[in-house]
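Structure first, commentary second.
The values are calculated or read from the model by the stated rules, or taken from the named source; none is laboratory data. These numbers come from a predicted model, not from an experiment. Every residue, glycine as well, gets a Cβ built from its backbone with ideal geometry; the counts of neighbours run over all protein chains shown. Each accessible area value is taken on the protein alone, full model and side chains, heavy atoms only, with ligands, DNA and RNA left out. Shrake-Rupley method; radii C 1.70, N 1.55, O 1.52, S 1.80 Å.
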Amino acid sequence: MNEFTNTSTDNSKFLFAIFDSVANEYNPPVAFPSVAVAVRFFGDLCKKDPVISAHPADFRLDWIGSFNCSSGFIVSLDKPGIVAKASDFFPTE
């Protein structure tokens, strides 16, 4: 994971996207106020989504940048940082 604080500041939010390793592409980004909220959302989604829950090894949540809610500016990272893997939310067999 890249170095970043767990909570956004100065009226900005973190941008995250789910990466599908089989499709080799990201889903559209989503903004969250903190890493904890993003991880909670992703964990809930993993358990509810039939494709992710059937193939958890294929999906992960990456931090891709930030969005300033006042200015509308988006700042992307040089390299996405892995925040969580879908397989983290399923017990190993």
Exercise for review: At 1.4 Å probe size, with every protein chain present, just tell me what the per residue accessible area of the chain comes to in Å².
Suggested key: 64
Check your understanding: Against the longest principal axis of the chain, how steep is helix 35-48, in degrees 0 to 90 to the nearest 10, with axes from Cα atoms?
Key -> 30
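With a sphere of radius 13 Å drawn around the Cβ of residue 37, what net charge do the other residues whose Cβ falls strictly inside it have (Lys, Arg +1; Asp, Glu -1)? Write out the running numbers ahead of the final one.
Numbers: positive: 13, 40; negative: 44.
Value of the local net charge: +1.
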Review point. Which option, (i) 2, 12, 19, 20, 13, 9, 8, 8, 4, 2, 2, 1; (ii) 3, 9, 13, 16, 12, 8, 10, 9, 8, 7, 4, 2, 1, 0; (iii) 3, 14, 25, 24, 17, 10, 5, 2, 0, 0, is the value of P(r) over Cα pairs in 5 Å bins from 0, in percent that was calculated from these coordinates?
Key: (iii)
Check your understanding: Counting only residues 5 or more places away or on other chains, whose amide H sits under 5 Å from the amide H of residue 65 once H atoms are built in the peptide plane?
Key -> 15, 77
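Net charge within 11 Å of residue 83 by Cβ-Cβ distance, Lys/Arg positive one each and Asp/Glu negative one each, not counting residue 83 itself? Let's see the in-between values first.
Values: positive: 60, 85; negative: 62, 88.
Neighbourhood net charge equals 0.
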Check your understanding: Counting alpha carbon pairs within less than 8 Å and at least 6 residues apart, what relative contact order, in whole percent, applies to the chain?
Key -> 32
Practice item. Take 59, 67 and sort them by solvent-accessible surface of the protein heavy atoms, 1.4 Å probe, largest at the top. Key: 67, 59
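What number, rounded to the nearest 500 deg cm²/dmol, is the helix-based mean residue ellipticity at 222 nm of the chain, given -39500 (n - 2.57) per DSSP H run of at least four residues and division by all its residues?
On the way: 2 runs with 19 residues, N = 93.
The helix-only estimate for the chain comes to -6000 deg cm²/dmol at 222 nm.
Roughly how many percent of the accessible protein surface of the chain is carbon and sulfur, given a 1.4 Å probe and a whole-percent answer? It would help to have the intermediate numbers written out before the result.
On the way: 3300 of 5970 Å².
Using a 1.4 Å probe with all protein chains present, the chain comes out at 55 percent carbon and sulfur.
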Review point. Largest first, what is the accessible-area ranking of 60, 40 with a 1.4 Å probe?
Key: 40, 60
